[in-house]
There are 4 protein chains.
Amino acid sequence: MSTTERQRKTPVAVLGATGAVGQRFVSLLAEHPWFELAALFASPRSAGRPYGEACAWHLEGPLPSAAAKLEVRSTGEDPPCRLVFSALGADVAGPLETRLAAAGHFVVSNARSHRMDPDVPLVVPEVNPDHLDLVAAQAWEGGLVTNPNCSTIGLVIALKPLADAFGLRRVLVVTLQALSGAGLDGPSAWAMTDNLVPVISGEEEKLERETGKILGRLEGGAISAHAARVSAQCTRVPVLEGHTECVSVELEREASSEEVALVLAAFRAEPQELALPSAPERPIEVLADPDRPQPRLDRYRGDGMAVSVGRVRPCGVLGHKLVALSHNTLRGAAGGSILLAELAVARGLVDGVAAPRVA
Amino acid sequence: MSTTERQRKTPVAVLGATGAVGQRFVSLLAEHPWFELAALFASPRSAGRPYGEACAWHLEGPLPSAAAKLEVRSTGEDPPCRLVFSALGADVAGPLETRLAAAGHFVVSNARSHRMDPDVPLVVPEVNPDHLDLVAAQAWEGGLVTNPNCSTIGLVIALKPLADAFGLRRVLVVTLQALSGAGLDGPSAWAMTDNLVPVISGEEEKLERETGKILGRLEGGAISAHAARVSAQCTRVPVLEGHTECVSVELEREASSEEVALVLAAFRAEPQELALPSAPERPIEVLADPDRPQPRLDRYRGDGMAVSVGRVRPCGVLGHKLVALSHNTLRGAAGGSILLAELAVARGLVDGVAAPRVA
Amino acid sequence: MSTTERQRKTPVAVLGATGAVGQRFVSLLAEHPWFELAALFASPRSAGRPYGEACAWHLEGPLPSAAAKLEVRSTGEDPPCRLVFSALGADVAGPLETRLAAAGHFVVSNARSHRMDPDVPLVVPEVNPDHLDLVAAQAWEGGLVTNPNCSTIGLVIALKPLADAFGLRRVLVVTLQALSGAGLDGPSAWAMTDNLVPVISGEEEKLERETGKILGRLEGGAISAHAARVSAQCTRVPVLEGHTECVSVELEREASSEEVALVLAAFRAEPQELALPSAPERPIEVLADPDRPQPRLDRYRGDGMAVSVGRVRPCGVLGHKLVALSHNTLRGAAGGSILLAELAVARGLVDGVAAPRVA
Amino acid sequence: MSTTERQRKTPVAVLGATGAVGQRFVSLLAEHPWFELAALFASPRSAGRPYGEACAWHLEGPLPSAAAKLEVRSTGEDPPCRLVFSALGADVAGPLETRLAAAGHFVVSNARSHRMDPDVPLVVPEVNPDHLDLVAAQAWEGGLVTNPNCSTIGLVIALKPLADAFGLRRVLVVTLQALSGAGLDGPSAWAMTDNLVPVISGEEEKLERETGKILGRLEGGAISAHAARVSAQCTRVPVLEGHTECVSVELEREASSEEVALVLAAFRAEPQELALPSAPERPIEVLADPDRPQPRLDRYRGDGMAVSVGRVRPCGVLGHKLVALSHNTLRGAAGGSILLAELAVARGLVDGVAAPRVA
């Protein structure tokens, strides 16, 4: 890549850069064709040290060398660029993100703090790209958009084509969620060996409410939630990455299992049309093998951005059932946020930042 | 225990004694107050050797010394006692079990081969003890009764008090099943590390059909299945023992979560009234902690014979949801079969064998 | 047990009662024939609440009901009984344990703080019971004795009969240590899934130095360390309980593998002669199967108090090699401390407390 | 890559292509700059079907599409190309590999059958490339070279620079080996959960003997083994990939830990000088962090071809100790074999095949 190209890249900052999701951001942004890591923020404890020292890198590949040399800044300082990714914990994210938006930054947040705010879009690029229009009405000089909870993302991507093709009435989902969803200091190995935990605090409510907002309709400057009823049970299992979801759905119109599978496999949306850099070619991969998807074998499909679906079959209670799998820290967190930023840029919502390919 | 008492014990045989469930039978029967291990059967390959040598013992405690000395006999030979437990694989169990029943034995089977036969009772002692009356009408000189699939047992015990108190319309269950359910040569460590498998071959059908039969009614010498619709998704997770089931139910009559929990906790049935040796004091233990039941921490409640239930709460789709856990090779296999044999003896169905306490 | 018997039991206290080792103390002392739980101590945060509420019980069996009702006291308060078990962390144990000893208590400590103090015996009852004589010379009104590190215990029990029979020159040990050794808040499941960690901070030094002191000689009121050179490499593996140790030893006199195995299997010591309640019948169980010992299958031998040894064979470098396994929170911590207290009582070292059987 | 380049690639065959190591071969050769997959062989059961159907692909990435379409041939048929990789089991490899060599093929074998044959070189390219000269004296029209056992490779790469710089007297190694080393049908998840196995059949002998041959000297057309004494203990742990080895060494000349670490880090050899496609830039990466190497975090260093070494420190018994980690199915099997083939080609040992870069 020439110097000219490099200079044209948009500088971005990451808040909460040393955590599980923050490291995924750094890893993905190190090689991003549009964005360039300009600043990394973490708690004051890490501030002032090179990222390579401040961060206990936990991903399989090496810490990207350019990022390793960046000096970590203290959360709260003003980022030196417009576009800001937030991987902050919800305890910190709330007031900080709005302050940044007010100060003119365009914040793409992975935190739960503002997801359900009426004026903040909660967006999965393949599902509800139009909700980004809410940004125009935001009171801030900058903007604030949010990425859903990691378990919500896999579900809504699988539900969207069904809702469009057949109408959606009721959804029952049981999740088997990976350890990385709990962060680097999640449950102890003692607690999770030869064991599982049948609850994830607050997760079921998030899954149920966020799904409604994302599948909802933007009308008259407000989002009205989708009417489908969603009920979730969330469990934590000893798997490193990849949330598995056992889903039963009741559709408005009759459909065979084959039709359901075909509609899922055929699904394409705006990110695919725009050929956004992080968009998987196929948002949903329907697997034919009866024992798939499996987290370790299928979580990296579409570079971790595709949802794998298997076992589409009749459900004697609600009509249809299937198993969906998505990578919770790629599609479900950092990768999803970056795709969302790409979409916002492509739609011209980030002042002063233009999409290279679209431009 | 005095010599007189010891002599009064009923001799029993175990078929398929070297497998995962067979070993549980041997472990439980070694200390049983009513029964005494008289003969152990396995494949011809193991026959003729002492059980202690023929068997690759895999349980945490030591192989009981009396059993270790028993010479393994070849499956197919006639057992030297009336009461016979079958832990055979379904490939072998079918014709063999009926032949033994015809030859006068009372066979308590853990195999799936005859579970759905119209003249063979499929019994969970706390749920449908009256179905044992079917034995009287069997064509064989002896008898044949069956224990359900390991994942069915935990479910029907949790459903029974709800069906009685509130009526049962629809059930949706997702299981997270333990490794031991697949036997000693189950999935490889390679396949199950950092992974789970979203299918167990044939399991969902078993769970759905067996539940109907067990909750059904015995009328005019035949069992009519319960009308409730049941839909299951079964997964295998890296847990040694203990099946976890995420259940949603639709009841006929309205009930609060508190009422549902109370009815479950208060459940007692015939095995408790008869104080059968393997009957847990409380068939269902309702746990208050929001993060329970967990397989490693709760599977041994009631000596592995109690079903642990937690997280009873409203379900936005079907009305109520909860998590149930049961030990799949104790309550769900060997322990359940032994309790069933105790019930059959107590009800006077095994010719020539009387229950010590009842007598 | 009659009221009279119950009254004759010696009251004991446990410091650090809510942690991983503290829970093992509570579990073992709940059914102890000599001792009775009189008081449980933990951090001020837990103080004032019933133990059953203050403690996140993590063992498979239920929390003993008598202990559940005891009100937790704040560490630092004076225990209401002479005999005190300390499961405190080393950060707290140092000054507190000596203060208690000065105040007249007999402290049996599992902490590392005083293990290497010249006037404090570091004792494994089967290995160096005579070192307890050091207590007589202690400056305190009470006494203070210590239990070694969990990985040291399995090693020295296996080395002792070899040192006695053949002389010991050099020892090389690589440990594969269980998760419970790191406490309830040990390494995260994220860190330990599909992984191991090749270091345990400070552990190698402890193993090397403690072994010398325990195998050393008490002469003229002081302990001179054994001259054998010991080198250790310690790793953490994803196993719940049970430390596996791969040991190579150089002996002073020649011996065949058979002789080594026989000497190990024949080992008996003072706790066995005195028939102390927690003493295993055989301190070392030598296993013939070539693939044993295995942590899950063998850690509970001798009720978790026996060391399992397998694979005794020639070593081309040092002469002999073998694999040893011991339960790290039973023999290696709480169980070992209780056996040590039994030994101290039997030897008449605890003022006013006599051993029931010996008396 | 242009058509011209593609045509210049050397066609190769893989025997045993559906197993754990075979799949690694297929994965690596699919993108190889010099070689091109021309034929895949497996048992007659798989023969005649497309590889994509015959093979239960178990690697994280997708099955390479070109390979998926290749029709599997039956082992025993003559390969349609000179260069043949063998991932056969030792039960089949012995006579078959020599027959192929006699028929003019150049066989690079990963099987143990011929490793210790006097006229067959056992080569790790960075350690003993000159041993390849043995091929010239082989009686066959083709040639046969072998790759060592997966646990030997990591060890000898770490030992080689030490032997060269300081002389090597004695080596004691304890291995913690990954599941993939046992193949796809290795130990069951039941056997390996919350457990480890302290033996791998035949492994210790292989490690001890192969190390001597590889570090040995080729003189007068024969290899004389290195005089260093090696003793190994091998264990299986629940890790997917990556063998960890805890090594103690006695050197002939004195050296500090710093000198040992420097010599390891500075190691380069013929594959690096020739810039062979599969050669890692640094054969040994010395890690400074005290808790490294860890299998999950470090096994992919150098694309799975580097040996990671950490914790270089004094050993009170033998002088020096360290921890080494290598990827057992990449460097330790398929990757190592491919690098070996590259070396053979570069050295002009494969008739009619020239190295693109060297030529």
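The values are calculated or read from the model by the stated rules, or taken from the named source; none is laboratory data. A quick note: this is a predicted structure, and the numbers were derived from the prediction, not measured. A quick note on method: Cβ atoms are made from the backbone with ideal geometry, for glycine too, and the neighbour counts reach across all protein chains shown.
Every residue in the stretch C:59-84 that is surrounded by fewer than 19 Cβ atoms within 10 Å (Cβ to Cβ) and either acidic (Asp, Glu) or in a loop (DSSP other than H, G, I, E, B) (or both), please. Residues satisfying the conditions are C:Leu59, C:Glu60, C:Gly61, C:Pro62, C:Leu63, C:Glu71, C:Gly76, C:Glu77, C:Asp78, C:Pro80, C:Cys81. Any residue at all in the stretch B:68-86 that is modelled with pLDDT under 95 and within 20 Å of D:Trp190 (Cβ to Cβ)? No: zero hits.
Conditions: (1) within 30 Å of A:Pro238 (Cα to Cα); (2) buried (at least 18 other Cβ atoms within 10 Å of the Cβ); (3) of a type in the set (A, V, I, L, M, F, W, C). C:Ala232 meets all but one. Number of the miss? Condition (1) is where C:Ala232 drops out. Within the stretch B:285-307, residues that are closer than 19 Å to C:Gly52 by Cα and within 9 Å of another protein chain (Cβ to nearest Cβ) have Cβ atoms under 9 Å from residues that are surrounded by fewer than 24 Cβ atoms within 10 Å (Cβ to Cβ) and aromatic (Phe, Trp, Tyr) in these pairs: B:Leu297/C:Trp57, counting only partners at least 6 apart in sequence or on another chain. Residues in the stretch D:312-344 that are charged (D, E, K, R) and surrounded by fewer than 24 Cβ atoms within 10 Å (Cβ to Cβ): 1 in all. Would you confirm whether or not the stretch D:106-117 contains a residue that is of a type in the set (S, T, N, Q), modelled with pLDDT of 95 or more and not in a loop (DSSP other than H, G, I, E, B)? For the stretch D:106-117, residues of a type in the set (S, T, N, Q), modelled with pLDDT of 95 or more and not in a loop (DSSP other than H, G, I, E, B): present.
Provide a single number: the residues in the stretch B:14-31 that are more than 14 Å from chain D (Cβ to nearest Cβ) and not in a loop (DSSP other than H, G, I, E, B).
Number satisfying all stated conditions: 8.
Within the stretch A:180-209, the only residue that satisfies the criterion of being without any contact (Cβ under 8 Å) to a residue 24 or more places away in the chain, of a type in the set (S, T, N, Q) and part of a loop (DSSP other than H, G, I, E, B) is A:Ser201. Remark: D:Gly52 falls outside the filter, which requires a residue to be part of a helix (DSSP H, G or I), among the small types (Gly, Ala, Ser) and under 26 Å from D:Glu205 (Cα atoms). Candidates are the residues of the stretch B:258-302 that are buried (at least 20 other Cβ atoms within 10 Å of the Cβ) and in contact with a Phe, Trp or Tyr (Cβ under 7 Å, 6 or more places away or on another chain); the one that is farthest from A:Thr193 (Cα to Cα) is B:Pro283. Number of residues in the stretch D:27-41 that are farther than 19 Å from D:Leu343 by Cα, aliphatic (A, V, I, L, M) and surrounded by 23 or more Cβ atoms within 10 Å (Cβ to Cβ): the value is 1. Just a yes or no: is a residue in the stretch B:33-43 touching a residue at least 40 places away in the same chain (Cβ under 8 Å), part of a loop (DSSP other than H, G, I, E, B) and within 14 Å of another protein chain (Cβ to nearest Cβ)? For the stretch B:33-43, residues touching a residue at least 40 places away in the same chain (Cβ under 8 Å), part of a loop (DSSP other than H, G, I, E, B) and within 14 Å of another protein chain (Cβ to nearest Cβ): absent. Scan the stretch A:226-239 and give yes if some residue there is away from chain C (no Cβ under 14 Å), farther than 30 Å from A:Ala165 by Cα and out of contact with any strand residue (DSSP E or B) (no Cβ under 8 Å at 6 or more places or on another chain), otherwise no. The answer is no, given that none of the residues of the stretch A:226-239 is away from chain C (no Cβ under 14 Å), farther than 30 Å from A:Ala165 by Cα and out of contact with any strand residue (DSSP E or B) (no Cβ under 8 Å at 6 or more places or on another chain). Is the stretch A:237-257 home to any residue that is crowded, with 24+ Cβ neighbours inside 10 Å, in a helix (DSSP H, G or I) and in contact (Cβ under 8 Å) with a residue 24 or more places away in the chain? Checked the stretch A:237-257: no residue is crowded, with 24+ Cβ neighbours inside 10 Å, in a helix (DSSP H, G or I) and in contact (Cβ under 8 Å) with a residue 24 or more places away in the chain. Restricting attention to the stretch A:194-217 and to residues that are at the interface with another protein chain (Cβ under 7 Å from one of its Cβ atoms), surrounded by fewer than 24 Cβ atoms within 10 Å (Cβ to Cβ) and of a type outside the set (A, V, I, L, M, F, W, C), the residue that is farthest from A:Ala324 (Cα to Cα) turns out to be A:Asp194.
Among the residues of the stretch B:166-192, those that are surrounded by fewer than 24 Cβ atoms within 10 Å (Cβ to Cβ), more than 12 Å from B:Ala232 (Cα to Cα) and either among the polar types (S, T, N, Q) or more than 9 Å from chain D (Cβ to nearest Cβ) (or both) comprise B:Phe166, B:Gly167, B:Leu168, B:Arg169, B:Ser188. No other residue among B:Val127, B:Val156, B:Val145, B:Val173 is of a type in the set (A, V, I, L, M, F, W, C), assigned to a strand (DSSP E or B) and under 21 Å from B:Leu251 (Cβ atoms) apart from B:Val173.
Only one entry of C:Val135, C:Val171, C:Val145, C:Val124 meets the criterion of being of a type in the set (Val, Ile, Thr), under 17 Å from the mean Cα position of the chain (by Cα) and more than 30 Å from A:Ser188 (Cβ to Cβ), and that entry is C:Val145. Among the residues making up the stretch B:279-301, those that are part of a helix (DSSP H, G or I) and either of a type in the set (Ser, Thr, Tyr) or touching a strand residue (DSSP E or B) at 6+ places or on another chain (Cβ under 7 Å) (or both) are B:Pro295, B:Asp298, B:Arg301. All conditions in (1) under 30 Å from B:Arg299 (Cα atoms); (2) among the β-branched types (Val, Ile, Thr); (3) without any contact (Cβ under 8 Å) to a residue 60 or more places away in the chain hold for C:Val107, with the sole exception of (1). Can you tell me which residues in the stretch C:302-335 are assigned to a helix (DSSP H, G or I) and aliphatic (A, V, I, L, M)? The answer is C:Leu330, C:Ala333, C:Ala334.
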